[in-house]
1. Could you tell me which residue out of Val140, Ala10, Ile89 lies farthest along the dipole of the chain toward its positive end? Charges go on the beta carbon: Lys and Arg +1, Asp and Glu -1, centred on the Cα centre.
2. Using 0.36 nm per residue of separation minus the Cα-Cα distance, give me the extension gain between Glu44 and Asp80 in nm, one decimal.
3. Given the protein chains as shown and a 1.4 Å probe, how many square angstrom of Leu13 are accessible, to the nearest 10?
4. What is the set of long-range amide H partners of Val114 at a cut-off below 5 Å, with H atoms built 1.01 Å from backbone N?
5. If you count only protein heavy atoms with a 1.4 Å probe, what accessible area per residue comes out for the stretch 1-121, rounded to a whole Å²?
6. Quick one: what does P(r) look like for the chain with 10 Å bins over all Cα pairs, in whole %?
7. With all protein chains present, calculate the accessible area of Phe70 using a 1.4 Å probe and round the result to the nearest 10 Å².
8. Relative contact order of the chain: what whole-number percent is it, with Cα pairs under 8 angstrom and at least 6 residues apart?
Amino acid sequence: MRDKALRIAAQFLEEKLNADLSDRPGPELPCSCGGTARYVDRREKTFSAVLGDITLKRAYYYCPACGKGFCPKDQALGLDGSSLSPGVIRMAGLVAASTSFQESALLLKELAGVPLDAKGVERAAKGLGTAIAQDEASFVEPALPASSTM
C-alpha cells in the first residue's frame, strides 16, 4: 500500500515538474565560464527521490567556449551533479553517520523504499560531508595566529 501511494505521489510530482517549461528562458544563457551557452534540446534523466524514481525532461544548454553543458532545472532543484534528490542525499547521510554503508543501504530500502546500494550511500554521504565542510569553511573565521610573546 505504501509503495503504491508513493508511486502515485511520484508520478504527480513528475508531471508537475515536467509541465514547468520555465527552464528554457531563451536560446542562450550565460555559462559559469563567462561564455554563452546555447539551447540544444530537452533531455530526460531519472533521479532517485524520496517518493521514488522521477524522470525529468529538462532544457539542456551547451557552451562551446568551455565544452560543458548544463540543465538549469537541475541547478534550481538541487539535482546538479547527482542522480539523487537532496532528500535522498540527506537520508543517506543520516543513516551513514550511524552505521556501515552496507547497513545504511539496507535501512534505506527497508524503511524508506529507497533502492540505493552501499557504494551509492558512500558517495552520497561523502558528497554531503564535503558540502558541509565547504559551507562551514565559508562561515568560520580563520584562527588568529598564536603569539609567542604575551
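1. Ala10
2. Details: separation 36, 0.36 × 36 = 12.96 nm, distance 1.37 nm.
That works out to 11.6 nm of additional length.
3. Ignoring ligands and nucleic acids, Leu13 comes out at about 60 Å².
4. Counting only residues 5 or more places away or on other chains, the set is Lys109.
5. Working: 7150 Å² over 121 residues.
In whole numbers, the stretch 1-121 has 59 Å² accessible per residue.
6. Using 10 Å bins, I get a P(r) of 10, 29, 29, 20, 8, 3, 1, 0 for the chain.
7. For Phe70, solvent-accessible area is about 30 Å².
8. Details: 188 pairs, mean separation 24.0, N = 150.
That works out to 16 percent.
The values are calculated or read from the model by the stated rules, or taken from the named source; none is laboratory data. Keep in mind that what you see is a predicted model, and the values were worked out from it rather than measured. Neighbour counts run over all protein chains shown; Cβ positions are idealised from the backbone, glycine included. Heavy atoms of the whole protein, side chains included, go into the accessibility calculation; ligands, DNA and RNA do not. Shrake-Rupley method; radii C 1.70, N 1.55, O 1.52, S 1.80 Å.
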